[in-house]
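So the structure is just underneath, and the comments pick up after that.
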Amino acid sequence: MTRLRTMVAFFRKDLLEEMSYRTAFVMQVGGILLTVSLWYLIAGFLKPPEGALPEFPGVPYFAYLLVGIAFSHYLWSALSSFATKLRGEQLTGTLEAMLMTPTPIPLIILSSALWDFFMTSVRVVLYLVLGACFGLQLRFDSLVAFFIILLLTILAFSGIGILSAAFILYLKRGDPINFLISSASALFGGVFIPAQTLPHHLGELGRLLPITYALSGIRKSLLSGTRLQDLLPEIFALMVFVVLLVPLGMAGFTLAVRKARQEGSLAQY
Amino acid sequence: MSASIEISHLSRLFKPRRSLGQLLTRSRPRARETWALRDVSLEVPEGAIFGLLGPNGAGKTTLLKILSCLILPTGGTVRVGGHDLQRNDGAIQRTLGFVSSDERSFYWRLTGRQNLRFFGSLYQLHGRALSERIAYLLDRLELVEQADKPFGDYSSGMKQRLAMARALLHDPPILLLDEPTRSLDPISAKHLRRFIAEELNGREKKTLFLATHNLQEAEQLCHRVAVLSKGRVLGEGSVEDLPPWGKGQEAYVLVVSGLDQIPNSLKNGITWTSLTGGRLRAAGEFGRDGERLSLLLADVLRLGGRVVSCSKVEPTLQEVFDRIEEEAP
């Protein structure tokens with residue numbers, strides 16, 4: 001209960017800070033509107049050949065693209081949020097003040113990313129609402145499966161994000177995780193085009209990335225209305241990623257904290 | 001009286017980190033290893049105000065960061081409030097409050113009250129108990145009127161008082177204060193010192209560990225002091241005990257006229273000089289035969305000055321400190 005209250009306190013603090021930058025919020029909404037319009041025009045212009053989306057027959061490319069881009073924000077958010085927040089608190093000097101309290105460091109890191117995940121959700125909803133204005137048709141008959149996949153997606157991505165934050169904590173800059181995962185996910189994860197359509201079986205690399213299963217599951221539930229039992233392969237794959245990545249991220253972060261305390265560089269930037 | 005803080009043979013070595021290239025070529029980093037603390041042993045009695053004196057780079061902040069569990073020591077042991085630093089850092093953090101002089105450690109766009117509410121939650125304080133504690137501290141530190149203004153609009157004095165309020169949120173028995181009056185004007189500094197001495201130590205019997213290079217502050221506040229230089233404790237005792245460290249140290253104040261530069265005789269053995277408003281102050285070892293004092297007076301005359309009066313005064317802690325620094329290995 002106390003931990004939950006601490007997480008709420010972080011959320012409240014970030015909300016209050018964000019509210020003090022109202023113009024930035026308005027500009028973000030404007031940016032999303034522009035992005036959706038742009039993708040609508042590009043998708044209309046590209047017109048992929050018949051059968052280019054084998055798993056989604058009858059689904060327009062704009063819908064495929066928009067859902068892919070919208071939900072990949074969770075990955076970008078996880079990759080950047082933990083590390084960026086950590087570095088931001090280092091720069092503003094508030095990290096040291098937090099680390100002097102008895103709140104466990106992993107709880108501080110997890111809580112500090114809550115706001116970003118909330119804002120990502122707002123962004124995703126905006127994408128979908130604006131997408132609907134441009135003709136996006138969503139299916140709501142498989143919402144339970146959708147939310148299970150979404151939760152597993154956030155957890156799996158968080159594992160990577162925490163590992164990325166561990167690198168930032170120790171190396172200060174030059175986080176290799178962020179670069180590798182974001183590039184590989186954009187290329188092989190099926191954000192823009194189905195991985196199967198990539199030449200020379202490059203799409204097979206996508207099987208090693210959680211985003212592939214996350215986007216596949218989300219698209220199937222939201223665009224095709226696929227039932228929960230038919231989404232079990234994606235759910236199982238994501239669970240494997242969660243079981244592997246979350247403990248790995250936490251262990252990496254604990255190690256980075258210990259090394260940084262030994263070196264005396266915990267709050268340095 | 002039991003000890004609130006026990007530091008035994010504490011050392012801290014900072015090693016420069018090797019770059020990837022240096023790791024691959026097995027070459028050494030260019031920067032050298034630095035001993036920030038060497039064999040430091042101190043005991044801070046319960047309920048005392050203990051001053052840690054030292055110039056910048058002496059190791060004061062490193063010691064405070066070790067006490068507040070931000071840095072691990074290279075060697076030695078530390079016990080705070082009976083808890084071992086290596087084994088129970090969470091318990092230590094509940095026992096300690098840290099007052100930093102770093103204004104950056106707050107959220108500038110949040111109000112003072114919102115800042116306190118956030119940091120209070122990190123001490124597991126929530127709801128009504130936290131609100132009441134915040135209201136009490138804002139009142140005690142005379143910040144009620146400014147409580148709902150953004151922290152960024154606060155004056156330096158208000159920021160420092162809010163830092164004090166934050167450190168007191170969980171009502172810790174031990175407070176670490178890192179140069180708490182560094183950026184304050186004399187009146188604000190005086191008020192804060194009074195609050196520290198009368199309220200925190202006098203009324204609430206808190207143990208205070210004060211790192212400062214303001215020797216006047218240490219003289220005014222501290223029951224005991226330790227002088228830290230280049231990571232080593234040069235001496236420890238009550239403020240009254242300090243003269244033995246500066247044995248043979250004397251100070252003279254000469255009221256002079258027509259003198260616009262400090263005489264050259266103020267060298268060997270004389271460690272402190274100042275010339276302000278026609279008052280020449282010199283401190284150091286003058287010797288019993290009066291030779292150096294005579295040289296000083298002769299120099300003043302040679303430079304065209306006239307001696308209106310000459311009186312022997314007690315050397316200040318600053319003057320003693322400079323002497324200790326000069327003698328440090």
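Derivation of every value follows stated rules applied to the coordinates shown; laboratory data play no part. Everything numeric in this text was worked out from a predicted model, so none of it was measured. Note: ideal-geometry Cβ built from the backbone for every residue, glycine included; neighbour counts use all protein chains shown.
For segment A:16-60, which GluC sites (Glu not before Pro) pass both filters: DSSP loop (anything but H, G, I, E, B) and at most 16 other C-beta atoms within 10 Å? Don't skip to the answer; put the middle values down first.
Values: sites: A:E17, A:E18, A:E50, A:E55; in loops: A:E50, A:E55.
Listed in order of number, the matching sites are A:E50, A:E55.
Residues with beta-carbon under 15 Å from that of A:Q137, excluding A:Q137: net charge, scoring Lys, Arg +1 and Asp, Glu -1? Numbers along the way, then the final one.
Details: positive: A:R139, A:R219, A:K220; negative: A:D141.
Residues near A:Q137 contribute +2 overall.
Obtain the nm distance between the two label points defined at B:S294 and A:A186 by a simple spin-label model: each point lies 7 Å from its Cα along the Cα-to-C-beta direction.
Computed distance between label sites B:S294 and A:A186 equals 8.5 nm.
Averaging over all projection directions, find the projected area of the Cα convex hull of segment A:223-269 and quote it in nm² with one decimal place. Don't skip to the answer; put the middle values down first.
On the way: hull surface 21.3 nm².
Projected over every direction and averaged, the Cα hull of segment A:223-269 covers 5.3 nm².
Per residue of B:117-130, count partner chain C-beta atoms within 10 Å of its C-beta, then hand back the mean as an integer. Please report the intermediate quantities before stating the final value.
On the way: counts 4, 11, 8, 2, 12, 13, 4, 7, 3, 7, 1, 0, 0, 2.
Counting other chains' Cβ atoms within 10 Å and averaging over B:117-130 gives 5.
What's the Cα-based Rg to Rh of chain A, Rh via Kirkwood?
My calculation of the ratio gives 0.99.
May I ask for the Rg/Rh ratio of segment A:24-155, computed from Cα atoms with Rh as the Kirkwood radius, given to two decimals?
On the way: Rg = 18.4 Å, Rh = 17.1 Å.
Looking at segment A:24-155, the ratio lands at 1.08.
Per residue, what volume in Å³ does the convex hull of the Cα atoms of segment A:1-64 enclose?
Details: hull volume 7.5 nm³, N = 64.
Per residue, the Cα convex hull of segment A:1-64 comes to 118 Å³.
Can you give me the angle between helix A:143-171 and the longest principal axis of chain A, using Cα atoms only, in degrees from 0 to 90, rounded to the nearest 10?
Roughly 40 degrees between the two axes.
Using the alpha-carbon atoms, what tilt in degrees (0 to 90, nearest 10) does helix A:176-188 show relative to the longest principal axis of chain A?
Approximately 10 degrees, to the nearest 10.
Can you give me the three principal axis dimensions of the protein assembly as shown from its C-alpha atoms, in Å, biggest first?
The principal-axis extents, from largest down, are 108, 59, 50 Å.
Over segment A:118-269, what relative contact order in percent results from Cα pairs under 8 Å that are six or more residues apart? Mind dumping the intermediate values first?
Values: 166 pairs, mean separation 55.8, N = 152.
Contact order relative to length: 37 percent.
Roughly how many Å is it from the Cα centre of segment B:72-94 to that of segment A:142-221, as a whole number?
Using only Cα atoms to place each centre, the spacing works out to 41 Å.
Can you give the relative contact order of segment B:70-144 as a percent, counting alpha carbon pairs under 8 Å and 6+ residues apart? Walk me through the numbers before you get to the answer.
On the way: 30 pairs, mean separation 10.8, N = 75.
It comes to 14 percent, rounded to a whole number.
Provide the three semi-axes, in whole Å and in decreasing order, of the ellipsoid equivalent to segment A:93-172 as defined by the square roots of 5 times the Cα gyration tensor eigenvalues. Present the calculation step by step, with values, prior to reporting the outcome.
Values: eigenvalues 229, 40, 28 Å².
The answer is 34, 14, 12 Å, longest axis first.
Per 0.36 nm of contour for each residue apart, how much would the distance between A:E50 and A:I235 grow if the chain were fully extended, relative to their Cα-Cα spacing? Before the final figure, lay out each step's value.
Values: separation 185, 0.36 × 185 = 66.60 nm, distance 2.87 nm.
That works out to 63.7 nm of additional length.
How high is the FRET efficiency between A:V144 and A:L171 when r is their beta carbon distance and R₀ equals 51 Å, given to the nearest 0.05? Write out the running numbers ahead of the final one.
Details: r = 41 Å, r/R0 = 0.80.
Step by step, r from the Cβ atoms, then E = 0.80.
Over the residues of segment B:100-141, compute the C-alpha Rg and express it relative to 2.2 N^0.38 Å.
Working it through for segment B:100-141, the quotient is 1.16.
Which value in Å is the Kirkwood Rh of segment B:1-154 over different Cα pairs?
Values: mean 1/r = 0.0538 Å⁻¹.
Here the Kirkwood hydrodynamic radius works out to 18.6 Å.
Between A:L244 and A:Q137, what FRET efficiency comes out of the Förster formula 1/(1 + (r/R0)^6) with R0 = 35 Å and r the beta carbon distance, rounded to 0.05? Mind dumping the intermediate values first?
On the way: r = 35 Å, r/R0 = 1.01.
Efficiency for this residue pair is about 0.50.
Compute the projected area of the convex hull of the Cα atoms of chain B, averaged over all viewing directions, and report it in nm² to one decimal place.
Details: hull surface 88.4 nm².
Its average projected convex-hull area is 22.1 nm².
Can you pull a Stokes-Einstein diffusion coefficient for segment B:99-247 at 10 °C (1.306 mPa s), Rh from Kirkwood over Cα pairs, as a whole number of µm²/s? Before the final figure, lay out the partial values.
Values: Rh = 16.4 Å.
D, rounded to a whole number, is 97 µm²/s.
To the nearest 0.05, how large is the calculated FRET efficiency for B:R32 and B:T276 if R₀ is 51 Å and r is the Cβ-Cβ distance?
Working: r = 40 Å, r/R0 = 0.78.
With a Förster radius of 51 Å, E is 0.80.
Mind listing which GluC sites (Glu not before Pro) in segment B:116-180 are in a DSSP loop and have 12 or fewer other Cβ atoms within 10 Å? Could you put the intermediate results ahead of the total?
Values: sites: B:E132, B:E142, B:E145; in loops: B:E142, B:E145.
In loop regions of segment B:116-180 (DSSP not H, G, I, E or B), the sparsely surrounded GluC sites (Glu not before Pro) are B:E145.
For segment A:137-169, which chymotrypsin sites (Phe, Trp or Tyr not before Pro) are in a loop by DSSP, counting at most 11 other Cβ atoms within 10 Å?
On the way: sites: A:F140, A:F146, A:F147, A:F157, A:F167; in loops: A:F140.
Of the chymotrypsin sites (Phe, Trp or Tyr not before Pro), the ones in loops of segment A:137-169 whose Cβ has at most 11 other Cβ atoms within 10 Å are A:F140.
For peptide B:68-76, what's the mean number of Cβ atoms from other chains within 10 Å of each residue's Cβ? Could you put the intermediate results ahead of the total?
Details: counts 4, 5, 10, 8, 8, 2, 2, 0, 0.
That works out to 4 on average.
Averaged across A:256-265, how many Cβ atoms of other chains sit within 10 Å of each residue's Cβ atom?
Going residue by residue through A:256-265 and averaging, the value is 4.
Could the peptides A:100-106, B:303-309 be put in order, highest first, of the mean number of other beta-carbon atoms found within 10 Å of their residues? Walk me through the numbers before you get to the answer.
Working: A:100-106: 19.0, B:303-309: 13.3.
With the highest mean Cβ count within 10 Å placed first, the list reads A:100-106, B:303-309.
Would you mind checking the pairs B:K190/B:K230; B:K65/B:K190; A:K13/A:K85 and listing those with alpha carbons more than 18 angstrom apart? Could you put the intermediate results ahead of the total?
Working: B:K190/B:K230 29 Å; B:K65/B:K190 26 Å; A:K13/A:K85 13 Å.
Over 18 Å apart, Cα to Cα: B:K190/B:K230; B:K65/B:K190.
Of all the Cα-Cα pairs you can form in segment A:134-269, what percent are over 25 Å apart?
The answer is 37 percent, as a whole percent.
Starting from the Cα gyration tensor of segment A:153-231, take the square roots of the eigenvalues, sort them a ≥ b ≥ c, and report rounded, prolate or oblate (rounded when a/c is under 1.5, otherwise prolate if a/b is larger than b/c, else oblate). Please report the intermediate quantities before stating the final value.
Numbers: a/c = 3.34, a/b = 1.61, b/c = 2.07.
Oblate, since a/c reaches 1.5 and b/c is not below a/b.
With only alpha-carbon pairs counted, each pair once and no self-pairs, how large is the Kirkwood hydrodynamic radius of segment A:120-166 in angstroms? Don't skip to the answer; put the middle values down first.
Working: mean 1/r = 0.0797 Å⁻¹.
Evaluated over segment A:120-166, this radius sits at 12.5 Å.
Once label points are set 7 Å from the Cα along Cα→Cβ at both A:F11 and B:D153, what is their separation, rounded to one decimal in nm?
Once both label points are built, they end up 2.9 nm from each other.
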